[in-house]
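Structure, as structure tokens:
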Amino acid sequence: MEALMTVLAPKHLFMLLCAAMPIQMLYYWLLQRAIPPKSKKAYWVVGVSLSLVVAALRPIMPEVLRGSFGMVLSVLVPIFLLGSPLVRRISVCCIGMICMAVGELSGGLFWIAVTGLEVMSPDYAFANAGAYVASGIVGYGMVMTPCMLGLAKFCRRFFPDAVTTAASRKGSGRTQNAQDVRNARDAQDARAGERAGKQASGEVGARGAQAAVEVGVQAAAEVGMQASDRPSEGALGLCGFSVSRFCLLCSCPSSSFCCLSRTICCAARPTTSCGLRAFCLRA
């Protein structure tokens, strides 16, 4: 409970929000300007999370651990998360630490010149908040930032492969996403075309079957009419037998009829709907 109260003390919260976190985020931004990270999301999530935890627990840490964790945040974390060859990452991070040290020294000199205090502690910083913020702006904003921007310009000028690799990685990701979208659209269009083809083939088949039935009915009607013109009873019986076999094999979609031996019964709907109507009446 006492440790929590120490962490949440106003002077420590002031140091966390006005010094530790802004300076660390500025340092990470300047580093990624020099060497693009492997993944910007992972770089910022990991960097911000670790910096927040270490800065919040800094008031209750031993003095030795403070320096160790500062080295981890400023050197080891960027080395693992940035791109480019290992030697280049180590060199850039070490030069960045030197730039930060120069900025801290400049801010300390400004603090001494303004306040006359040779010691900087959370109590003094909270009591002289304006001078403390101004010393941070001078040291880290006006000294460290130009030095690291020059380092970034140097890296981009003499080591452009890192920037090119990051840009190509981003472009390849966008190209892959666009290719996936096109593949999905092509698959959807193929499925739609297949369904349309099946539907069209079904309609064509149905129309062909209907046309075949109509042609067969018309042919049977003509044969029946020709046979009915003959007075011979045997011919009539033969015609009736032929029509009866046709009735058993085919069905007229527009009429219902039955043919039994020599008796022919046709119950047609409209007269023009079935070609057997005339034959039935004449028979």
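Mind counting the residues in the range 116-139 that are open to solvent by less than 80 Å² (accessible area, probe 1.4 Å) and over 16 Å from CYS18 (Cβ atoms)?
2
Between a residue in the range 67-95 that is free of Cβ contacts under 8 Å to residues at least 60 places away in the same chain and more than 17 Å from VAL45 (Cα to Cα) and any residue that is assigned to a helix (DSSP H, G or I) and among the β-branched types (Val, Ile, Thr), which pairs come within a Cβ distance under 9 Å, given they are 6 or more apart or on different chains?
PHE69/VAL54; GLY70/VAL54; LEU86/ILE79; ARG89/ILE79; ILE90/VAL75; ILE90/ILE79; CYS94/VAL75
Which condition number in (1) open to solvent by 70 Å² or more (accessible area, probe 1.4 Å); (2) touching a strand residue (DSSP E or B) at 6+ places or on another chain (Cβ under 9 Å); (3) among the aromatic types (Phe, Trp, Tyr) is the one that PHE80 fails?
(2)
If you go through the range 72-128 one residue at a time, how many are among the hydroxyl-bearing types (Ser, Thr, Tyr), under 47 Å from the mean Cα position of the chain (by Cα) and farther than 19 Å from CYS147 by Cα?
At the first step, the residues of the range 72-128 found to be among the hydroxyl-bearing types (Ser, Thr, Tyr) are 74, 84, 91, 106, 115, 121, 124.
Filter once more, keeping what is under 47 Å from the mean Cα position of the chain (by Cα): 74, 84, 91.
Filter once more, keeping what is farther than 19 Å from CYS147 by Cα: 84.
Residues flagged as among the hydroxyl-bearing types (Ser, Thr, Tyr), under 47 Å from the mean Cα position of the chain (by Cα) and farther than 19 Å from CYS147 by Cα within the range 72-128 amount to 1.
The values are calculated or read from the model by the stated rules, or taken from the named source; none is laboratory data. Here the structure is a predicted model, which means the values were calculated and not measured. Every residue, glycine as well, gets a Cβ built from its backbone with ideal geometry; the counts of neighbours run over all protein chains shown. Ligands, DNA and RNA are stripped out before the accessible areas are found, and what is left, the full protein with its side chains, is counted by its heavy atoms. Shrake-Rupley method; radii C 1.70, N 1.55, O 1.52, S 1.80 Å.
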